[in-house]
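Novice: Quick one: structure below, then a few questions.
Read the figures in this text as sums done on the coordinates, not as results from a lab. No experiment lies behind these values; they were computed from the predicted model shown. Please note: Cβ atoms are built from the backbone with ideal geometry, for glycine as well, and neighbour counts cover all protein chains shown.
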Amino acid sequence: MRFAPRLLLPLALCALAGCAAPNRAATPLPEGFSVKELALVDDGTPLAAARTGELAATYKGAIETITEKGIEWEMPEAPAFMLSFSPSGDRLAAALHAESRTTLRIIDRSGSPIAVTSIPGRVSAMTWRSDTELLLTAITVTRPAAGPQLAAQLYLWNGSTPPTATMLAEAAVPTELAQVPEAALAATVSLAVSPYGDEIAYSSPKCHPAYAPCQTITIRHLETGRERVIGRTALGSGGPLYTPDGESLIVGEQHALTRRLSIPDGREMYAWPAAGSHPAISPAGSYLLLDGRLYQTGKALASFPSDTLGTFLPDGSGLAITYDGKLYLLSGLKEPALKASPLALDRLLKLRRLRSLGLISEKEYRGRKAGLP
């Protein structure tokens, strides 16, 4: 695997001269699809979608929630670089960087603050495990005489007590990355939580004399703490993302393919011809947005500028996308109804726990799972 500093450059968003706006797709939109401009946003804005229908973004350094009717509320002087709605949509988490720390805020649907705290370093990923538990990864970079060191930690915060921290990874920063901005280094540490909330998948930098620096993709069971590395990607690659069944991951690869990897063996199940720097998957898994290309069950439907960012609405009815300082809503998606949680959820979680501990084989896990109602 070759490495060069330019691999991290795509992590910084830039305007592409001559690109068409997303409401004029590079390929015609399928019949029944439409795009509507909703609001102005900051370039490279964080973007989140709530089950209740609101979208969250930033404009001129203020957090805003937006619907098709317009701006619902705004919080001035809150230049968030990361936003995430709770599963119910009743809470919005925001990460704001200040010097060597990150301020975290939880805000209710009216825009009123519920809780605030701060943690060392820069948050690299943020997602909700449940309506009351927020998961985050954050990096800190120290620069001793021996050379820069990066530490990645996992934080759990309930909004009532101080966040708790668990060390995920520590690595020396390669010489060729010593001057790379912290925000770009943070992009090497990403996080996704399984649909069942029992485990996470995360990327972290890995440096070893025998091979070029890369990112490892690791599965960690939150209760047992057991981990398993299931793949490696180039530094700055996108993902991981869980598929809705919780049994595979979507993982990007810089300048190459986006792959679907099975859990826990990391076997490649499918690949798309796009690097997947900022992948997004629909709630039922029918649609995938990769570098401006919209796929449905593996088939390319439409193509937008490659630096278009997006997130699917939790009900599967649309895709919110940002490009060149504007927020758009793509409607007309034909997403199947979400499957209800398994009736035997407790039994499934027990099976997943036993698998993490190595007490049952993958074959036994699959067989028992197939027998659940």
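Novice: Give the residue from GLY252, ILE63, THR52 lying farthest towards the positive end of the charge dipole for the chain; charges sit on Cβ (+1 for Lys and Arg, -1 for Asp and Glu) and the dipole is referred to the Cα centre.
Specialist: It is GLY252, whose Cα lies furthest towards the positive end.
Novice: Still on this structure: Over the chain, what relative contact order in percent results from Cα pairs under 8 Å that are six or more residues apart?
Specialist: 15
Novice: Explain nothing, just compute: Karplus ³J(HN,Hα) = 6.51 cos²θ - 1.76 cosθ + 1.60, θ = phi - 60°, for every residue of the range 237-242 in order, whole Hz, x for Gly and Pro.
Specialist: 6, x, x, x, 10, 7
Novice: Another one. Please work out how much length the chain gains when fully extended from ALA256 to MET167, using 0.36 nm per residue of separation minus the C-alpha to C-alpha distance, in nm with one decimal.
Specialist: 29.0 nm
Novice: Can I ask one more? Starting from the Cα-Cα distance between ASP90 and ALA271, subtract it from 0.36 nm times their residue separation and give me the gain in nm to one decimal.
Specialist: Going from the current span to full extension adds 61.6 nm.
Novice: Next question. GNM on the chain, C-alpha springs below 10 Å: top fluctuator among THR102, THR142, THR117?
Specialist: Of the options given, THR142 has the highest mean-square fluctuation.
Novice: Over the Cα atoms of the range 251-328, what radius of gyration and what Dmax do you get, in Å?
Specialist: Gyration radius and largest Cα-Cα distance of the range 251-328: 12.6, 41 Å.
Novice: Just to verify a number: FRET efficiency for LEU357 and ASN158, C-beta to C-beta distance, R0 = 22 Å, to 0.05?
Specialist: 0.25
Novice: Could you go through the range 103-108 in sequence order and give the Karplus-derived ³J(HN,Hα) for each residue, using 6.51 cos²θ - 1.76 cosθ + 1.60 with θ = phi - 60°, rounded to whole Hz, and x for Gly and Pro?
Specialist: 8, 10, 10, 10, 10, 8
Novice: Amide H neighbours of ARG232 under 5 Å, counting only residues 5+ apart in sequence or on other chains, H built in-plane at 1.01 Å?
Specialist: Amide H neighbours of ARG232: ILE217.
Novice: So what does the Cα-only Debye profile of the range 82-128 read at q = 0.16, 0.18, 0.30 Å⁻¹, as log10 I(q)/I(0), no solvent term?
Specialist: -0.41, -0.51, -1.11
Novice: Take the cross-link list LYS299/LYS339; LYS60/LYS299; LYS36/LYS60; LYS60/LYS339; LYS206/LYS350 and give me the ones stretching past 29 Å between alpha-carbons.
Specialist: Working: LYS299/LYS339 23 Å; LYS60/LYS299 37 Å; LYS36/LYS60 21 Å; LYS60/LYS339 39 Å; LYS206/LYS350 31 Å.
Correct reply: LYS60/LYS299; LYS60/LYS339; LYS206/LYS350.
Novice: Moving on to the next point. Please report the orientation-averaged projected area of the range 307-373, defined via the convex hull of its C-alpha atoms, in nm².
Specialist: Computed as one quarter of the Cα hull surface, the answer is 7.3 nm².
Novice: Tell me, what ³J(HN,Hα) does each residue in the range 130-137 have, in order and in whole Hz, if you take phi through Karplus 6.51 cos²θ - 1.76 cosθ + 1.60 with θ = phi - 60° and put x for Gly and Pro?
Specialist: Along the range 130-137, the couplings run 7, 5, 10, 10, 9, 9, 9, 10 Hz.
Novice: If I histogram all Cα-Cα distances within the chain using bins 20 Å wide from 0, what percent of pairs lands in each bin?
Specialist: So the P(r) values, bin by bin, are 29, 61, 10, 0.
Novice: log10 I(q)/I(0), Debye, Cα-only the range 202-294, no solvent, q = 0.21, 0.26 Å⁻¹?
Specialist: Evaluating at q = 0.21, 0.26 Å⁻¹ gives log10 I(q)/I(0) of -1.04, -1.40.
Novice: Once both labels are modelled 7 Å past Cα along the beta-carbon direction, what's the GLU72-ARG226 spacing in nm?
Specialist: About 4.1 nm separates the two model spin labels.
Novice: Using a 7 Å offset from the Cα along the Cα-to-Cβ direction at both ALA98 and ASP245, what is the distance between the two label points in nm, to one decimal?
Specialist: Those two pseudo-labels are separated by 4.6 nm.
Novice: Could you give P(r) for the range 24-92, binned at 10 Å from zero, as whole percent values over all Cα-Cα pairs?
Specialist: For the range 24-92, the binned pair fractions read 20, 45, 27, 9, 0 percent.
Novice: Viscosity 1.002 mPa s, temperature 20 °C: give me the Stokes-Einstein translational D for the range 148-193 in µm²/s, with Rh taken as the Kirkwood radius over C-alpha pairs. Provide the component values of the computation, followed by the final result.
Specialist: Details: Rh = 12.3 Å.
Answer, rounded: 174 µm²/s.
Novice: While we're on this one: Which FRET efficiency value, to the nearest 0.05, is calculated for GLN149 and LYS36 with the Förster distance at 45 angstrom and r the Cβ-Cβ distance? Each step should come with its number before you reach the end.
Specialist: Values: r = 47 Å, r/R0 = 1.05.
Approximately 0.45, to the nearest 0.05.
Novice: Run through every distinct alpha carbon pair of the range 207-360 and return the Kirkwood hydrodynamic radius in angstroms, one decimal place.
Specialist: About 16.9 Å for the range 207-360.
Novice: In debye, nearest 20: dipole of the range 36-342 around its Cα centre with unit charges on the Cβ of K, R (+) and D, E (-)?
Specialist: So the magnitude is around 480 debye.
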